[in-house]
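Structure first, then comments.
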Amino acid sequence: MAEEADDRFRLDLTRLVPWLRARVPGLDGAIAAEKFKGGQSNPTYAITIDSIPRLVLRKKPPGVLLPSAHAVEREYRVTYALKDSAVPVARPLALCEDAEIVGTPFFIMQYAAGRNFWDARLPGMAPAERAAIYDEMNRVLAALHSVDPAAVGLADFGRSGDYFGRQIARWTQQYRATETGTIAAMDRLIEWLPANDPRLGETRVVHGDFRNDNLIFALDQPRIVAVLDWELSTLGHPLADLAQHVMAWRLPEGYRGLADSDLAPLGIPDEQAYLRRYGERTGAGPIAPALWRFALAFAMFRNAGIRQGVYKRALEGNASSEAAALHGARAGEIAELGWRIASGEDDARL
């Protein structure tokens, strides 16, 4: 579950413990904190009471950060807004914007007990179990995109309309700010995406990184009990969220994807079947091939930009995992796949 944090990410409990006891009732016993394994962005810790996981603390990483990056305040707000909706979240309990407590702003949420699947192929399961888990992921993403932002107090959580245009501009800027060398495919996508933007206007709450390892499933059934890691959430177009999620079908095992797997014997739906079920649930219907190509190319571009940012932080010594250093090469590979998709190779895969 957790790993020993190095000195950069070790939590000083001196101020944290009294802060917790003042805000969360019933914290009797010895309080400790352990950093969860993995994760390249906001360091996340299990807060144990007498060695039993009770809470989770999620904080900004140390060091100089890009503007608007690592916004734990936004994560807290969106999960608080969704806590009583059809979208399962780990219930948020308290936000701290005082960097003096643990070094950076953070928030506390309830610990969601359950299963977390890092491998998209779901090894060790029967085909029927895999099918049920993928159907549940599909159901919850459709439920999120069916939420009316205004109805849950998120009407001002982002700007309405022209989501793709704004995101292309934002991630271009982020990429340029963290660029460590030339990636020709990124330069091509930076030109192609604005020229092919369909200017879609629909606005919903989007998660930004909806995938199997950001989900907690119940221990005894294929039911999601919590969607985690809302750092990239905002108001946007649901097609962008869907494409980010479905990227797994285009990426191989080394990227924790499905592209080199024979899906039918595993019980995992193929990409088109998965999209059809989502369209049925949301009422959006089939997605035009050219529109899907654009959305996938954008998702690859955005993912490459994120990986480049992780790599740059690793070079500067403030990424939250040693594995962050591996992201530099993969940023280029994913950008190249994005360009192949944009160029018309509709079934392009790594």
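Table: residues versus (1) of a type in the set (Asp, Glu); (2) surrounded by fewer than 19 Cβ atoms within 10 Å (Cβ to Cβ); (3) on the phi < 0 side of the Ramachandran plot.
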site	(1), (2), (3)
GLY254	no, yes, yes
ASP260	yes, yes, yes
GLN272	no, yes, yes
ALA288	no, yes, yes
LEU296	no, no, yes
ALA299	no, no, yes
ASN303	no, no, yes
ALA325	no, yes, yes
GLU336	yes, no, yes
Has region 129-136 got at least one residue that is in contact (Cβ under 8 Å) with a residue 60 or more places away in the chain and farther than 20 Å from TYR274 by Cα?
-> no
If you go through region 131-145 one residue at a time, do you hit one that is more than 19 Å from the chain's Cα centre (by Cα), assigned by TED's automatic domain parsing to the domain that holds LEU296 and loosely packed, with under 15 Cβ neighbours inside 10 Å?
-> no
Would you be able to tell me the number of residues in region 224-269 that are among the basic types (Lys, Arg) and under 21 Å from GLU202 (Cα atoms)?
-> 0
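Output the residue which, of all residues in region 1-19 that are in a loop (DSSP other than H, G, I, E, B) and modelled with pLDDT of 70 or more, is surrounded by the fewest Cβ atoms within 10 Å (Cβ to Cβ).
So, considering only residues that are in a loop (DSSP other than H, G, I, E, B) and modelled with pLDDT of 70 or more, the one surrounded by the fewest Cβ atoms within 10 Å (Cβ to Cβ) is ASP12.
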What number of residues in region 93-102 are within 14 Å of ASP12 (Cα to Cα), touching a residue at least 24 places away in the same chain (Cβ under 8 Å) and either of a type in the set (A, V, I, L, M) or surrounded by 17 or more Cβ atoms within 10 Å (Cβ to Cβ) (or both)?
-> 2
The residue from ARG77, ARG23 that alone is over 23 Å from PHE117 (Cβ atoms) and either at pLDDT 95 or above or surrounded by 17 or more Cβ atoms within 10 Å (Cβ to Cβ) (or both) is ARG77
Please find, among GLY153, GLY165, the residue that is in the same structural domain as PRO269 (by TED's automatic domain parsing), exposed (fewer than 14 other Cβ atoms within 10 Å of the Cβ) and at pLDDT 95 or above.
-> GLY153
In region 187-239, the residues that are farther than 14 Å from ALA112 by Cβ, aliphatic (A, V, I, L, M) and surrounded by fewer than 23 Cβ atoms within 10 Å (Cβ to Cβ) | ILE190, ALA195, LEU200, LEU232, LEU235
Which number in (1) touching an Asp or Glu at 6+ places or on another chain (Cβ under 7 Å); (2) modelled with pLDDT of 95 or more marks the one condition that ALA264 misses?
-> (1)
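The values are calculated or read from the model by the stated rules, or taken from the named source; none is laboratory data. Here the structure is a predicted model, which means the values were calculated and not measured. Please note: Cβ atoms are built from the backbone with ideal geometry, for glycine as well, and neighbour counts cover all protein chains shown.
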